[in-house]
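Enquirer: One structure coming up, written as structure tokens, with questions to follow.
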Amino acid sequence: MADSSREALIHSLAQSMGMGDAQKLKSATGRYNAETGTIMSNGRVISNATVVQAKNYFTSQYNKLAEMDDEGAKQMATLYEVAMEAIDIMIGGGKGASE
């Protein structure tokens, strides 16, 4: 059975079981919905509150580590900075906090 036929059969079965919307959600993974402030990830919805909580966490960790006089801490701070900027870019529609 060809992949497209197999996929169509799976989608058809999912729809008949009332899971058609779940199938759509799964294909929309990795998407940010600016209207609701939610993220689709691995077939589930991450709420706006959780997105804000993640940004606050990364900011807090960055602030703790950025001032340390330790190369390892500074490298970790850079990773947190990347996460903060990624969230800002996603929420800002492509514009980071520093723009």
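Enquirer: Given ALA49, SER60, ALA83, which one lies farthest toward the positive end of the charge dipole of region 47-99, if we put +1 on the Cβ of every Lys and Arg and -1 on the Cβ of every Asp and Glu?
Expert: ALA49
Enquirer: Continuing with this model, one more query. Based on the Cβ-Cβ distance from TYR57 to ILE10, what FRET efficiency comes out when R0 is 30 Å, to the nearest 0.05?
Expert: 0.20
Enquirer: What is the Cα convex hull volume of region 47-99 when expressed per residue in Å³?
Expert: 65
No lab work stands behind these numbers, since they all come straight from the coordinates. These figures come from a predicted structure and were not determined experimentally. Heads up, the Cβs are rebuilt from the backbone with ideal geometry, glycines too, and the neighbour counts pull from every protein chain shown.
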